[in-house]
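**Q** Could you have a look at this structure, given as structure tokens, before my questions?
Rule-based calculations on the coordinates, nothing more; no lab input. Fair warning: this is a prediction, and the values are worked out from it, not measured in the lab. Here the Cβ is made from the backbone with ideal geometry for all residues, glycine too, and neighbour counts use every protein chain on show.
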């Protein structure tokens, strides 16, 4: 199994309540994925040139102040750190190439979860209710969020194999299902110089789609190639700077249901996750069709 | 959705509010308390997508589920008449034996899967694999059905008032499908056949029972060509 959760707020007045509304959805999907959870939250864009990086450390009381000091020493620029236990969001003016390379060399125990101007990632092992509490998901504000509760089938239960997976900048994906040909995809992409961080099948799908978009496809074009090349079962929920996208494979063995009102669009594996949202009784409810792309824009 | 407050609360009625009690207490009472009671009608409030609501009933009782139900609602039903005033998740009325289940909204995948008997009415659309492996159940869908519907259906009738998706009736046995709208594609061994007088009569009765006014003349019949009944060594896995 696994549970997916997506929430995009159309009504700007409600954006402070993103976490409050979305967290119960995620916790409800804990029944489908009790061992890890995570989310990508989009909180509005940094100015052109600025970047933020979500970082994951192996211990809760990591020396982030020491990391920050080293960062300033190396790059000689200002950096802001927002710390939450073993997670931190670093905001600075350095490019992803520089920061990722430096972190890998200087702090190999740290994992760069994401890079971009809009997206922060929190993910870890543990029951979704515990993970939500650990990182105070209910307090999150923003435009949209992509969340996941995991029941592992394809790779070990570790923080870096929890979803969402990211590739490039401000691009993330969560997955319910299994990809049958991740190693084929991986070999193909490694020839393009793309580096993988785990042995997880979802990472292959994420990097494949992001690679197609860097090659010039739009999201629809990339997913069309995905239908042809990704073998397996999937419901994907994809988050970008200003979009939330949902797609299911041709066999649609992995569920999804969407609820849309004037204020929001909410997506989950099952309706029970949506049942307590405000005004959901009057929402337009529907089940996404196989091989159709559903995209909502902020 | 009807307002629950205005419903008559007869002495022969009982209600379970699933925001207050677990599904298990409802099902336990339906299995062990119902038979000794005078209750003829059960209201289920705030179902909120919970799984396995009112499964395994084995007595004549009327059940109204007032909201959206989750997976396997009314599974294995025998004798009871259930109405879901909302949508249902996967596997509604799976393996139903008798009685009836009416869904006022839409049904997710595998509606009526492997059902042996009874009547399942889905007033909205039904998703993929509707009536998969059905074994005698009658299913009437007011809207469309998704891909792979009536896959390996052995006996019974599937009526689709809207369109049908890909691979309709793949590997059909003796179940018969009537479709009013367009068929995207037929599955292996399924074929469109002419409607007989018997078909019109049977379909007319079924549509009436299900509460639809369509003219049976608007439907086409899909049934098995029976070419898969015997192993063909020359088929070379090409069906």
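**Q** For residue A:130 and residue A:46 in one chain, what is 0.36 nm times their gap in residues minus the Cα-Cα distance, to one decimal in nm?
**A** This chain segment gains 27.3 nm when fully extended.
**Q** Could you put A:60, B:90, B:29 in order, starting from the residue whose Cβ has the fewest other Cβ atoms within 10 Å?
**A** By the 10 Å Cβ count, ascending, the order reads A:60, B:29, B:90.
**Q** Would you mind computing Rg(Cα) / (2.2 N^0.38 Å) for the protein assembly as shown, counting N as its residues?
**A** For the protein assembly as shown, the normalised Cα radius of gyration comes out at 1.08.
**Q** Among B:129, B:144, B:209, which one shows the highest mean-square fluctuation when chain B is modelled as a Gaussian network with alpha-carbon springs under 10 Å?
**A** B:209
**Q** Measure nothing fancy, just the Cα-based angle from helix B:197-210's long axis to the longest principal axis of chain B, in degrees from 0 to 90, nearest 10.
**A** 20 degrees
**Q** Using 7 Å Cα-to-Cβ label points, what is the residue A:95/residue B:155 separation (nm, one decimal)?
**A** Here the modelled spin labels are 7.2 nm apart.
**Q** If you take the C-alpha gyration tensor of chain A, multiply each eigenvalue by 5 and take the square root, what semi-axes do you get, largest first, in whole Å?
**A** 28, 23, 18
**Q** Something else: How far apart, in nm, are two points set 7 Å out from the Cα along the Cα-to-Cβ line at residue A:35 and at residue A:14?
**A** Calculated label separation equals 3.5 nm.
**Q** Shifting gears a bit: Looking only at the range B:35-71, which residues have a backbone nitrogen under 20 Å from a spot 7 Å from the Cα of residue B:79 in the C-beta direction?
**A** B:35-44, B:53-65
**Q** Rounded to the nearest 10 degrees, what's the angle between the helix B:23-32 long axis and the longest principal axis of chain B, both from Cα atoms, 0 to 90?
**A** 90 degrees
**Q** Same structure again: Counting other beta carbons within 10 Å of each Cβ, put B:160, A:157, B:63 in order, fewest first.
**A** A:157, B:63, B:160
**Q** Still on this structure: P(r) for chain B: what percent of alpha-carbon pairs falls in each 5 Å bin, starting at zero?
**A** 1, 7, 15, 18, 18, 13, 10, 7, 5, 3, 1, 1, 0, 0
**Q** Could you put B:183, B:122 in order, starting from the residue whose Cβ has the fewest other Cβ atoms within 10 Å?
**A** Fewest-to-most Cβ neighbours within 10 Å comes out as B:183, B:122.
**Q** Using a 7 Å offset from Cα along Cα-Cβ at residue A:251, what residues in the range A:1-27 end up with backbone N under 15 Å from the label point?
**A** What the label zone holds, given the 15 Å backbone N cut-off, is A:1.
**Q** Return the single residue from B:114, B:98, B:196 with maximal mean-square fluctuation; model: Gaussian network over chain B, springs between Cα atoms under 10 Å.
**A** Among B:114, B:98, B:196, the largest GNM mean-square fluctuation belongs to B:196.
**Q** A further question follows. In whole Å, how far is the Cα centre of the range B:179-196 from that of the range A:4-75?
**A** Here the answer is 51 Å between Cα centres.
**Q** Rounded to the nearest angstrom and ordered from largest down, what semi-axes does the equivalent ellipsoid of the range A:47-117 get from its C-alpha gyration tensor (root of 5λ)?
**A** 17, 13, 12
**Q** So what's the range A:1-149 giving for Cα Rg divided by 2.2 N^0.38 Å, two decimals?
**A** 1.07
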